[in-house]
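What follows is one structure encoded as structure tokens, with my remarks underneath.
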Amino acid sequence: MGAGAGKAEARPGAGAVGGLAGKRVFIRVDFNVPFDKKTGEITDDARIREAIPTIKLAMEAGAKVVLASHLGRPKPGKRDLSLVPVGGRLAELTGYEVHVPEELVGDAPKKVIYDLRPGQLCLLENLRFDEGEEKDDENFAKQLAELADVYVNDAFGAVHRAHASVHALPRLMRERAAGLLLLKELRALGRLTTRPEKPYVAVLGGAKVSDKIDVVEALLGVVDTLCIGGAMANTFLAAQGKDTKKSRIEEDKLPLARTILSKAENRGVQILLPTDVIVATSLDAEAGSAVAADAIPDGAMALDIGPKTVALFGEPIRKAKTIFWNGPMGLFETPAFSKGTFELARIMSKASGFTVVGGGDSASAVKLAGEEVAKGFKHISTGGGASLELIEGRKLPGVEALRSAEGVE
């Protein structure tokens, strides 16, 4: 464990943690994993697996480990998203005995933690069961602080939120540090923002231009080529005067798209847009057909990039020394419209440059593309929103809280 990494590094000495034997170590993890709505089973346990090295480090050092995470958005006053199934999966993966007290704070978790024996750990219930979590409430943070001697943040997927367990709590703790996963994330993403190796290619996709305005602005200052796919590409194509027919576009963002295209040209950044797309007449279609991006038939919509666009995007990717990808190229959850995303993922996985996937749907797409594809990437981030905010140049509340604390030097 360490105090930080790269530009996001915590102040020297502020997060250094000495011997952990016998200490109660509160590790903020990101166990916000997806579940199958029908079966209730965890469909992707990557975030649990990524947290294990830090957990094991603390356990093997003789600490009494207290894990805490949020899960989804529970309905107010209800406990409909319990972390008990997550505790079960963690026990399967590690062999540790995982205790989940019913109450988040107070005597119940204190007793569980006090009684912990070697090979046992405590996983608190969903932090969002208490409204103080999302309000960054200091009183709630103080109650959490009573459970531990040391604070460790290993939840990269949550560091962009000023929530109690991420922001208020570490500021109350004298001993605090970044976990192994958080350090790994900051170091990998730091390579995209601090003097990245050139040529640098970024690939953006997803549904909306509005979701990625800030990241596009930031990338225009560092990349050599920006490839834009997914539904957001439709807005750029429409801004160029192309008739996208039934394709999803953001009418109110057409002027912005034109401004971005103009800025890129002025800065010498190459923007690549789809030259062909896979179209169908509905989202439920079982098959699509490839057409030129400026020749979409009446009643049809673009739902994936076509093979010529895959080749177009693939050319600079193969030559790049730095590659960042965030956002799928189409409706990849549907087999008929997944090929563009998966083919591009395969090209990136074989590229010699430093390849980073910015979490979220992109990370899911890489995993669906196959184990060998996933192995080819240098870094697959566990946090979509956090990775984008880091690239945008924003300060992350969870990282800032590790740097300084009231009355702690």
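Would you work out what percent of the accessible area of the chain, with all protein chains in place, is carbon or sulfur (probe 1.4 Å)?
Its accessible area is 48 percent carbon and sulfur atoms.
Taking amide H as placed 1.01 Å from N in the peptide plane, the amide H of residue 205 sits under 5 Å from that of 229, 326, 327, each at least 5 places away or on another chain.
Backbone geometry of the stretch 64-79 corresponds, through the Karplus equation with coefficients 6.51, -1.76 and 1.60 at θ = phi - 60°, to 3J(HN,Hα) couplings of 8, 8, 10, 9, 9, 7, 9, 8, x, 10, x, 5, x, x, 10, 10 Hz, x marking Gly and Pro. Rolling a 1.4 Å probe across all protein chains gives residue 134 an accessible area of roughly 80 Å². Based on Cα contacts under 8 Å between residues 6+ apart, the stretch 206-271 shows a relative contact order of 41 percent. Taking the chain as a Gaussian network of alpha-carbon nodes connected by springs under 10 Å, the highest mean-square fluctuation of the residues 326, 139, 32 belongs to 139. Of the residues 178, 68, 238, which exhibits the maximal mean-square fluctuation in a Gaussian network model of the chain defined by a 10 Å Cα contact cut-off? Among 178, 68, 238, the largest mean-square fluctuation in the Gaussian network model of the chain belongs to 238. Label sites at residue 135 and residue 252, each approximated as a point 7 angstrom past Cα along Cα to Cβ, lie 3.1 nm apart. When the helices of the chain are scored as -39500 (n - 2.57) per DSSP H run of n ≥ 4 and the total is divided over every residue, the value at 222 nm lands at -10000 deg cm²/dmol. Using a Gaussian network model of the chain in which every pair of alpha carbons under 10 angstrom is joined by a spring, one finds that among 312, 83, 344 the greatest mean-square fluctuation is at 312.
Computed across the stretch 205-264, the Kirkwood radius stands at 11.6 Å (inverse of mean 1/r, all Cα pairs).
Residues whose amide H comes within less than 5 Å of that of residue 65, counting only those at least five positions distant or on another chain, are 25, 122 (H built at 1.01 Å from N in the peptide plane). Charges were assigned to the Cβ only: +1 to each Lys and Arg, -1 to each Asp and Glu. The resulting dipole of the stretch 318-409 about its Cα centre is roughly 600 debye. Modelled label positions at residue 211 and residue 37, each set 7 Å beyond Cα in the direction of Cβ, lie 1.7 nm from each other. Computed from point charges on the beta carbon alone (+1 for Lys and Arg, -1 for Asp and Glu), the dipole magnitude for the chain about its Cα centre is near 1040 Debye.
The calculated pair-distance distribution of the stretch 5-163 uses every alpha carbon pair, bins of 10 angstrom beginning at 0, and gives 10, 41, 37, 11, 1 percent. For the chain, the relative contact order works out to 17 percent when only alpha carbon pairs closer than 8 Å and six or more residues apart are counted. Probing with 1.4 Å while keeping every protein chain in the model, the per residue accessible area of the chain equals 43 Å². Here the Karplus relation 6.51 cos²θ - 1.76 cosθ + 1.60, evaluated at θ = phi - 60°, turns the backbone of the stretch 33-41 into coupling constants of 9, x, 10, 6, 5, 7, 9, x, 8 Hz, with x for every Gly and Pro.
Scaling the Cα radius of gyration of the chain by the globular reference 2.2 N^0.38 Å produces a ratio of 1.05. Just report the Cα centroid separation between the stretch 118-151 and the stretch 43-115, whole Å. Comparing the Cα centres of the stretch 118-151 and the stretch 43-115, I get a distance of 11 Å.
In order along the stretch 200-210, the phi-based Karplus estimate (6.51 cos²θ - 1.76 cosθ + 1.60, θ = phi - 60°) of 3J(HN,Hα) comes to 10, 10, 10, 10, 10, x, x, 8, 10, 5, 4 Hz; Gly and Pro are listed as x.
Highest mean first, what order results for 193-203, 161-171 on Cβ atoms within 10 Å?
Per-residue mean Cβ counts within 10 Å order the peptides as 161-171, 193-203.
In the stretch 286-409, the convex hull through the Cα atoms has an average projected area of 10.5 nm², a quarter of its surface area.
The values are calculated or read from the model by the stated rules, or taken from the named source; none is laboratory data. This one's a predicted model, so the numbers in the text were calculated from it and none came from an experiment. Note: ideal-geometry Cβ built from the backbone for every residue, glycine included; neighbour counts use all protein chains shown. Side chains included, ligands, DNA and RNA excluded: accessible areas come from the protein's heavy atoms. Shrake-Rupley method; radii C 1.70, N 1.55, O 1.52, S 1.80 Å.
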